[in-house]
Amino acid sequence: MARRKKIYEGKAKILYEGPEPGTIVQYFKDDATAFNAEKKATIEGKGVLNNRLSEFFMTGLTQIGVPNHFIKRLNMREQLVRAAEIIPLEVIVRNFAAGSLSKRLGIPEGEPLPRPIIEFCYKDDALGDPLVAEEHIIAFGWASQQDLDDIVSLALRVNDFMSGLMLGVGIKLVDFKIEIGRVWDNDYQRLLVADEISPDSCRLWDIETGQKLDKDVFRRDLGSLSDAYTEVARRLGVLPSNV
Ligand code: C5P
C-alpha cells in the first residue's frame, strides 16, 4: 500500500492527506489522555467506537442542515473529511454544571443551568487551553465578530440536536466541546463543525441512574471506558459488529 503523508498527529487522532485535494483522512487512535496528557492509557477499541459515533452524529447534523466536515467513513478507524482551517478555539456548550465550570464557580455538578452557556478556550496545549473571552478572540484575530455569531449559532444547533438524540436513548447531555473549521467555496468563507463529536468530548449521564458514560470514566477512574462508550453506541444502534 502506498504510504500516505501524515499531516498531524494529535492525542486521539492522526490526520493524513486525503485522496482528493481538499480532503483529509482522519484516523481514530485507541489512546486516551486527560488533564492535558498528564494521564494516558490505551483503551482497546476506543478508536473504532469514536469513528462510528462521530460518523453517526455528523451524518445526523448533515441531515438537519448543520454544515460539518464529514464526507464518508472509510473503514473501522478512518473517515474522509473536508480539509478545513481549524479556528484555534474549543467551543464548549453546557446544559448542566460539571467539570471546570463547577470548580471555577462553585456550582454543584448536575445543577441545571438557566440557559445553555457557551465558553471558549484557546487551543494551546502548552498553556493548558485557557478560558478566553470574546474580547481576546476578536482582539487577537482568532475569529471575527461575524464568525463568533456564526459559531454560537452552530454550537446551539449542535446542542439542540445532540440533546434530543441523547434524551431519546435515556442519556442527559451535560456538556460538550466542538471545534469549528473554515472552508472556502468560490471565495466565500463558510464555517463548519470539524474534528469529532464523541464521548471523548461530551459529558453523558444516564438519565435514571446518573451513571457516567463519557471520558470522565477514565479521568476519574470510574471503571471501564470501553464499556461506557459501547453502551452509548449500543443505545444509539451504532454498535460496530466486531467490538
Ligand atoms: O473540563 P471541562 O468541564 O471544561 O469540559 C467541558 C466539556 O468539554 C466536557 O464535555 C469535556 O469532555 C470537553 N472537553 C474536551 N476537550 C478539552 C476540554 C474539554 O473535549 N480539551
Taking the alpha-carbon distance from residue 6 and a cut-off under 12 Å, which aspartates and glutamates remain once sequence neighbours fewer than 8 residues away in the same chain are dropped? 17
Please report 154, 225, 131 as a ranked list, fewest other C-beta atoms within 10 angstrom at the top and most at the bottom. 131, 154, 225
Filtering the chain for DSSP H helices with an axial alpha carbon extent of at least 15 Å and a Kyte-Doolittle mean of at least 0.0 returns 145-167
Let me check against my output: what whole-number percent is the relative contact order of region 1-68, with C-alpha pairs under 8 Å and at least 6 apart? 19
Full extension from residue 74 to residue 224: what is 0.36 nm times the residue separation minus their Cα-Cα distance, to one decimal in nm? 51.3 nm
For residue 222, what charge total do you get from the other residues with a beta carbon under 12 Å from its beta carbon, if Lys and Arg give +1 and Asp and Glu give -1? 0
Within the chain, which is the longest segment that contains none of the chymotrypsin sites (Phe, Trp or Tyr not before Pro) sitting in a DSSP loop with at most 12 other Cβ atoms within 10 Å? 36-139
Running a GNM on the chain with Cα contacts under 10 Å, which residue among 17, 111, 38 ends up with the highest mean-square fluctuation? 38
Isotropic mean projected area of the C-alpha convex hull, region 146-243 (nm²): 7.8
Note, ³J(HN,Hα) from phi for region 100-112, Karplus 6.51, -1.76, 1.60, rounded to Hz, x at Gly and Pro: 5, 5, 4, 5, 5, 10, x, 9, x, 4, x, 5, x
Where a Cα-Cα gap under 12 Å defines reach, which aspartates and glutamates qualify for residue 72, not counting those fewer than 8 residues away within the same chain? 55
Rounded, prolate or oblate: which one fits the chain, using the alpha carbon gyration tensor with axes a ≥ b ≥ c (rounded when a/c is under 1.5, else prolate when a/b beats b/c, else oblate)? rounded
Residues whose built amide H sits under 5 Å from the amide H of residue 89, excluding neighbours closer than 5 in sequence, are 123, 180
In deg cm²/dmol and to the nearest 500, what is the mean residue ellipticity at 222 nm of the chain if only DSSP H runs of at least 4 residues count, each as -39500 (n - 2.57), divided by the residue total? -9000 deg cm²/dmol
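Any read-out appearing in this document is the output of simple, stated calculations on the displayed coordinates, not a laboratory observation. Quantities reported herein were computed from a predicted structural model and do not represent experimental measurements. Every residue, glycine among them, receives a Cβ derived from its backbone with ideal geometry; neighbour counts consider all protein chains shown.
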